[in-house]
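I have placed the structure first, in the form of structure tokens, so that the comments after it can refer back to it.
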Amino acid sequence: MAKIEIFTQTFCPYCARAKKLLTAKGVPFEEIDLFVDPVRKKEMVERSGGAKTVPQIFVDGKHIGDCDGIHALDARGELDKALGIAA
């Protein structure tokens with residue numbers, strides 16, 4: 001199974017929406033809450049190529065996007081493959 005990481009912030013509606021989609025896909029993920037651990041924001045920005053907003057989602061270390069990005073992947077039928085759950 002792929003390692004999924006999602007950088008979030010407490011009370012972020014986009015983060016909640018992204019986590020809801022990942023949960024609906026049935027994939028476990030590690031949540032890194034920048035409200036609780038703000039020093040990791042620099043890591044998120046570097047790994048994402050400069051994105052400063054949350055959420056930012058990574059699969060096996062590869063940046064796959066933000067909330068809109070993963071929903072767009074899902075709409076195109078590409079999210080399952082990106083998450084490593086495609087049949």
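Here each label is just a point 7 Å from Cα along the line to Cβ, and for ALA75 and THR10 those points are 3.3 nm apart.
At q = 0.11, 0.13, 0.15 Å⁻¹ the log10 of I(q)/I(0) for the chain amounts to -0.26, -0.36, -0.48, computed by Debye summation with a single uniform scatterer per C-alpha, solvent ignored. Straight-line reach from LYS3: taking Cα to Cα under 12 Å and skipping same-chain neighbours fewer than 8 places apart, the aspartates and glutamates in range are GLU30, GLU31, ASP60.
Run the dipole for the chain about the Cα centre, Lys and Arg Cβ at +1, Asp and Glu Cβ at -1, nothing else charged, and hand back the magnitude in debye, nearest 20.
Numbers: 13 positive and 13 negative charges, 18 e Å.
The calculation lands at about 80 debye.
For the residue pairs LYS41/LYS62; LYS25/LYS52; LYS41/LYS81; LYS25/LYS62, alpha carbon separations beyond 24 Å are given by LYS25/LYS52; LYS41/LYS81. The angle between the Cα long axis of helix 13-24 and the main principal axis of the chain comes to about 40°, on a 0 to 90 degree scale.
With R₀ fixed at 25 Å, the C-beta to C-beta distance from LYS25 to GLU46 puts the FRET efficiency at about 0.40.
None of the figures in this text is laboratory data; all of them are computed from the coordinates on show. Everything quoted here is computed from the prediction, not taken from an experiment. As a convention, Cβ positions derive from the backbone with ideal geometry for all residues, glycine included, and neighbour counts pool all protein chains shown.
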